[in-house]
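Down below is the structure, laid out as structure tokens.
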Amino acid sequence: MQQQPDPQVRRIAAPVFSVLVPLIVGAVAVAVTVGLVPGITADSGWAVLAAAVLIGLLGAVVRPLLVVVVSAIGWFGVVAGWLVVQSLLVYGALLLVPGIHVHDFWSAFWASWLGAALMSIGMWAVTAGQPGAVTQHLLRVNRHFRRSVPSTDVPGIIMIQIDGLSAPLARWAVEAGNLPTLGRWLRTGSHTLAEWHAQLPATTPASQAGLLHGASAQVPAFRWYEKTAGRLVVTNHPRDSALVESRCSNGRGLLADGGVSVSNVFSGDAATSLLTMSTVQAKKRPGPARYLSAYLMDPFGLTRSLVLTVGEMVKELYQARRQKLRHVQPRMRRHGSYVLLRGATNVLMRHLNLAIVAEQMMRGAPSVFCDFVDYDEIAHHAGPARPESLASLEGIDGVLATLEEVAAAAPRPYHFVVLSDHGQSQGATFEQRYGIRLDDLVEQLTAAGEVVVTEDNEQEGRAGALRAGLTRTVKEQERPAGEPAADRPEIVIAASGNLALVYFARLAGRVTLEEIESRHPKLLTGLLEHPGVGWVMTRSRAEGPVVLGRSGRRRLDDDKVEGLDPLLGFGPFAADDLRRHDGLENTGDLVINSLWDPVTQEVAAFEELIGCHGGLGGWQNRPVLIHPRSLTAPGELVGADAVHHLLCDWMEQVGCRTPKRDLILPG
């Protein structure tokens, strides 16, 4: 067994490392900058070293004060500060250091940006991407919070959601070395890995409604149509997510009692909600939040993020090109907009989330739930098991390593729970396979006057949440609500991965099988004969909910099967999931699931995504739960609501959540 370094030696070495390495790298960056930027010269190496020291000291002393000032001014102050504050600090330091000669401010301006970029690249190279330098920086910038918070022995719980990671792939990533921190936790026995079943629909909004509020039944899909209101609900729109949360919340969500929600769809009734879709509209004060001002004004954090964002974008261009040259199938065209989006979500949002969670830990928050979308984002476009998707897990694992180190300095001990909201299943899309979209197929089979398909993008919604968090205001395109039935499209199709809900929008209530066959006699037969359709669920006036397949049918009320069971191969929970989904308030008149190929293990998404989730088939319904071994879990967890209750029980067990029996109820 490899001998581990003495903990006492590590405690002594860490502060020394955190001072000497940035000093040496900073001196080298200043030296290179002086050599490259016209208008700046140095008489000696000692002058360069003195300049590096003074720049660091001025930044540590002056920048926190400037964050307060520019936040009060608003966005103009933050943008101006972001552009010139570091330049002013560098200019002042260069003027004060004997032996350094600077011609004018603009020389210092360009020197500040070049030096910051070189510093970021140098620190990354020296530390090999390890979290130590980042940890020391986070501890340094949050030390004033730590000093103001009294210590306690009551543990808190940090819940990190790795969006879209299935349990089978989590096990593989641990073995392959993509998740070394989680691997260490599992090998040492501090944690254990389990999986749970994500009920239909396997989407982030449905799972988070369950995980954070215990109310997953309020979300029938990623997007759906509500006939009573005559409107489309899309959960990555802040107004709609706020509406859905109002239906989910009872005031005792997962993060009640002082918890913090970061980058989620719903807040879990958190006292502090940051970059959370359902609450961004509630923040009325114009201008940036203080934590965003601090992030944007921090040259180490922001410049490092910008440098790595550019690197992520270059990496995406290379990986997409490599897929094409190697004729990897299935694959999709990865547009230029996605290149920008990947850089924003996979680097900027990850670093911002890390900074926020670290600050909340240093403030002593009793519970934090944060969603990291890195893996899910890449897996949608490249495929869930592709090398670039698995490699993206390394960034999230680095976050866990950093937070583990931050926890050692926090005012309370912390337990770490790592979980996902769903998995992903891979496959060429419906349109790629058959040259026709589902809405076009439905239109051909019905000769309907108007078939409308929703096309809101999940990833763009995440970027929208970031923009909304940055600006504290949200502008949405108005969508008509409460339209008279005659003005509605005849058919609305809401696709979520390889699941599609079909609504006959002009007909009130749930339209029965018999009425559909009467109005559109070719529709069901045509859908079931299409090779890309696995099964269709509808409600019969005579038989109740029924699942129709190409060669058979299954009644859900009594599980009677005629012919070949259409749910064969879709997992042991398929029938129960569909019985539950049939009872949801806003489920479709038809619920369509794509094919599931047991040979290739592939589905056919109704959206243009290679990795998808939302329906049944494959690993999309098998999310992961990695938790401390001291917090026990039952052998089988079915549904996000069950995981919610388990998390609440753990929080009550460790003492960071008030038990129900101790609550003082009104009246």
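The values are calculated or read from the model by the stated rules, or taken from the named source; none is laboratory data. Please read all numbers here as calculations on a predicted model, not as lab measurements. Positions of Cβ are backbone-derived with ideal geometry, glycine not excepted, and every protein chain shown enters the neighbour counts. Only protein heavy atoms, including side chains, enter the accessible area calculation; ligands, DNA and RNA are left aside. Shrake-Rupley method; radii C 1.70, N 1.55, O 1.52, S 1.80 Å.
Points to keep in mind about this one:
Yes or no, residue by residue, for (1) open to solvent by less than 50 Å² (accessible area, probe 1.4 Å); (2) modelled with pLDDT under 80:
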position: 126; (1), (2): no, yes
position: 131; (1), (2): yes, yes
position: 143; (1), (2): no, no
position: 156; (1), (2): yes, no
position: 160; (1), (2): yes, no
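- Any chance residue 70 is modelled with pLDDT under 65, open to solvent by less than 40 Å² (accessible area, probe 1.4 Å) and part of a helix (DSSP H, G or I): yes
The rows are residues; the columns are (1) among the acidic types (Asp, Glu); (2) closer than 21 Å to residue 269 by Cβ.
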position: 182; (1), (2): no, no
position: 186; (1), (2): no, no
position: 192; (1), (2): no, no
position: 195; (1), (2): yes, no
position: 199; (1), (2): no, no
position: 208; (1), (2): no, yes
position: 217; (1), (2): no, yes
position: 223; (1), (2): no, no
position: 231; (1), (2): no, no
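- Cβ separations smaller than 6 Å between residues 6+ apart or across chains give the following pairs from segment 20-44 residues that are within 16 Å of residue 104 (Cβ to Cβ) to residues that are open to solvent by 50 Å² or more (accessible area, probe 1.4 Å) and modelled with pLDDT of 80 or more: 33/114; 37/110; 39/103; 41/101.
- Just so you know, in segment 566-604 the residues that are in a loop (DSSP other than H, G, I, E, B), out of contact with any Ser or Thr (no Cβ under 7 Å at 6 or more places or on another chain) and of a type in the set (A, V, I, L, M, F, W, C) include one that is surrounded by the fewest Cβ atoms within 10 Å (Cβ to Cβ), and it is 599.
- Hits in segment 529-565 (condition: in contact (Cβ under 8 Å) with a residue 40 or more places away in the chain and in a strand (DSSP E or B)): 533, 534, 535, 536, 537, 538, 539
- Considering segment 145-154, the residues that are open to solvent by 30 Å² or more (accessible area, probe 1.4 Å) and not charged (D, E, K, R) include one that is farthest from residue 649 (Cα to Cα), namely 148.
- Residue that is nearest to residue 432 (Cα to Cα), among those in segment 503-526 that are open to solvent by less than 60 Å² (accessible area, probe 1.4 Å) and in contact with a helix residue (DSSP H, G or I) (Cβ under 7 Å, 6 or more places away or on another chain): 526
- Matching residues, segment 352-382, being in a helix (DSSP H, G or I) and open to solvent by 10 Å² or more (accessible area, probe 1.4 Å): 354, 355, 359, 360, 381
- Given (1) part of a helix (DSSP H, G or I); (2) closer than 22 Å to residue 353 by Cα; (3) modelled with pLDDT of 85 or more, index of the condition residue 137 fails: (3)
- Taken as a whole, the structure leaves residue 172 outside the set of residues that are touching a His at 6+ places or on another chain (Cβ under 7 Å) and either open to solvent by 10 Å² or more (accessible area, probe 1.4 Å) or over 20 Å from residue 618 (Cβ atoms) (or both).
- Matching entry among 406, 418 (being under 18 Å from the mean Cα position of the chain (by Cα) and either open to solvent by 30 Å² or more (accessible area, probe 1.4 Å) or closer than 27 Å to residue 630 by Cα (or both)): 418
- Enumeration of residues in segment 514-545 that are among the hydrophobic types (A, V, I, L, M, F, W, C) and under 38 Å from the mean Cα position of the chain (by Cα): 523, 524, 527, 528, 533, 535, 536, 537
- For the condition surrounded by 14 or more Cβ atoms within 10 Å (Cβ to Cβ) and at pLDDT 65 or above, residue 60 does not qualify.
- Exclusive hit being among the basic types (Lys, Arg), modelled with pLDDT of 95 or more and out of contact with any helix residue (DSSP H, G or I) (no Cβ under 7 Å at 6 or more places or on another chain), set 472, 412, 467, 479: 412
- Candidate set from segment 421-435 (those that are assigned to a loop (DSSP other than H, G, I, E, B) and not hydrophobic (A, V, I, L, M, F, W, C)); member that is most open to solvent (accessible area, probe 1.4 Å): 435
- Single condition residue 438 does not satisfy, out of (1) open to solvent by 20 Å² or more (accessible area, probe 1.4 Å); (2) modelled with pLDDT of 75 or more; (3) in contact with a helix residue (DSSP H, G or I) (Cβ under 7 Å, 6 or more places away or on another chain): (1)
- Every condition in (1) assigned to a loop (DSSP other than H, G, I, E, B); (2) open to solvent by less than 20 Å² (accessible area, probe 1.4 Å); (3) of a type in the set (D, E, K, R) is met by residue 388 except one, and the failing one is (1).
- Qualifying residue in segment 231-251 (condition: surrounded by 24 or more Cβ atoms within 10 Å (Cβ to Cβ) and in contact with a Cys (Cβ under 7 Å, 6 or more places away or on another chain)): no
- Residue in segment 76-84 that is modelled with pLDDT under 75, surrounded by fewer than 20 Cβ atoms within 10 Å (Cβ to Cβ) and within 18 Å of residue 31 (Cβ to Cβ) present: no
- All told, residue 343 meets the bar of being in contact with a helix residue (DSSP H, G or I) (Cβ under 6 Å, 6 or more places away or on another chain) and at pLDDT below 90.
- Cβ pairs under 6 Å, 6+ apart, first in segment 313-332 and at negative phi, second surrounded by 13 or more Cβ atoms within 10 Å (Cβ to Cβ) and assigned to a helix (DSSP H, G or I): 313/339; 313/343; 316/339; 316/342; 319/388; 331/323
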